[in-house]
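Quick notes on the structure that follows.
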Amino acid sequence: MDRAAATPPIDDTGPAFFSVKDIHSYYGESYIVQGISFDVREGEILALLGRNGAGKTSTLRTIARIDTPALRSGEIWLDGQPVHTMRSFEAARLGIQLVPEDRRIISGLTVEENLILAQVAPGAGWELDRIYGHFPRLAERRKQDAVTMSGGEQQMLAIARALARDLKLLLLDEPYEGLAPVIVQEIEKILMEIRGLGITTIIVEQNAVAALRLSDRAVILDTGEVAYTGPAKDVLDNADLRHEYLAI
Ligand SMILES: Nc1ncnc2c1ncn2[C@@H]1O[C@H](COP(=O)(O)OP(=O)(O)O)[C@@H](O)[C@H]1O
Ligand SMILES: [Mg+2]
């Protein structure tokens, strides 16, 4: 098969919207992120893949400027802004929103209270009506204690909360973990809507096939380094790559 004809080219003309350039980060003396680089265009979805322990979560935390692991060298740029010089609250203010694996839904608060609490900068993020328009399940449950919802609904709330803040780069750490396929499809639909609005997303997933079918490009990590970078569709076509790094 003619791969060039089968795969739509990814656009690498002009400056990237988001760039990671040779980042190195450490938990104490443990050297974990060992020189990772990649680019994303505005409005793209990038799948960040690799086996357990490859460094995916550590890379997302480094991008969000969380102190652990500590970034010791390299650069991170979002829309011309030097994220590598920022603290985590500054990165968040710039629009980098990390949805961690545990989702951090606040117990004892309703869905709506969780969203209101996320609207830290009035006017920056989405209004509640706009959020509910994209998340009908959350609209139905707006008065419900958020932690009593299903895992899928809590994941939707975690994504909605990122939209309630100012969102330019969405970082998702294993959003499909523990969710039924039908719920995964519902979340995929929301992520495609977010993509349609021009928001850029990096998705980390053990369910590589689900992440890749949504994504424009893919980066595969192996022990803290980039083992592959290229179009997401090429990974699905490449059996060697899938077997070696993704166990699929
Ligand atoms: N808080 C920590 N302190 C020390 N080492 C850690 C810490 N968190 C993760 N690691 C190590 O960093 C490596 C990468 O972990 P992680 O980024 O969580 O991988 P992934 O998300 O790809 O499964 C692993 O070897 C892991 O043991
Ligand atoms: Mg992880």
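Here are a few things to note about the model shown:
- Of the residues VAL209, VAL33, VAL182, VAL226, the one with the fewest other Cβ atoms within 10 Å heads the list, and the complete ranking is VAL182, VAL209, VAL226, VAL33.
- For the chain, the fraction of alpha-carbon pairs in successive 10 Å shells from zero, as %: 7, 32, 36, 20, 4, 0
- Qualifying trypsin sites (Lys or Arg not before Pro) in region 131-160, DSSP loop, other Cβ atoms within 10 Å at most 13: LYS143
- Candidate aspartates and glutamates - alpha carbon under 16 Å from LYS143, same-chain residues fewer than 8 apart omitted: GLU112, GLU113, ASP129, GLU153
- When only alpha carbons are used to place a centre, region 148-215 and region 52-129 end up 15 Å from one another.
- Working note: Debye formula, equal point scatterers on the alpha-carbon atoms of region 132-232, no solvent; log10 I(q)/I(0) at q = 0.12 Å⁻¹ is -0.42.
- Per-pair calculated FRET efficiency, R0 = 25 Å: GLU101 and GLU29 via Cβ, rounded to 0.05: 0.50
- Helical content of the chain, expressed as a calculated mean residue ellipticity at 222 nm, amounts to -9000 deg cm²/dmol (DSSP H runs of 4 or more residues, -39,500 (n - 2.57) each, divided by residue number, nearest 500).
- Going from the residue with the fewest nearby Cβ atoms within 10 Å to the one with the most, GLU140, GLU188 rank GLU140, GLU188.
- Expressed per residue, the C-alpha convex hull volume of region 142-198 stands at 91 Å³.
- Distances between placed amide hydrogens fall under 5 Å for ILE96 paired with LYS168, LEU169, all partners being 5 or more residues away or on another chain.
- Cubic angstrom per residue, convex hull over Cα atoms of region 52-196: 123 Å³
- Treating each Cα of region 1-123 as one equal point scatterer and applying the Debye formula with no solvent, the log10 of I(q)/I(0) at q = 0.10 Å⁻¹ comes out as -0.41.
- A simple rule links phi to the HN-Hα coupling: the Karplus curve 6.51 cos²θ - 1.76 cosθ + 1.60 with θ = phi - 60°, which for region 157-167 gives 5, 4, 6, 4, 5, 5, 6, 5, 7, 8, 10 Hz, with x for Gly and Pro.
- Relative compactness, region 177-219, computed as alpha-carbon Rg over 2.2 N^0.38 Å: 1.12
- Pairs of alpha carbons in region 194-248 whose separation is greater than 14 Å (percent): 53 percent
- Residue order, fewest to most surrounding Cβ atoms within 10 angstrom, among ASP166, ASP129: ASP129, ASP166
- Calculated P(r) tail over 15 Å for region 52-104, as whole % of Cα pairs: 45 percent
- Bins of 10 Å from zero: percent of alpha-carbon pairs in region 117-177: 22, 54, 24, 0
Laboratory data are not the source of any read-out in this text; all were calculated from the coordinates shown. This structure is a prediction, so every number in the text was calculated from the model and none was measured. We place every Cβ from the backbone using ideal geometry, glycine too, and count neighbours over all the protein chains shown.
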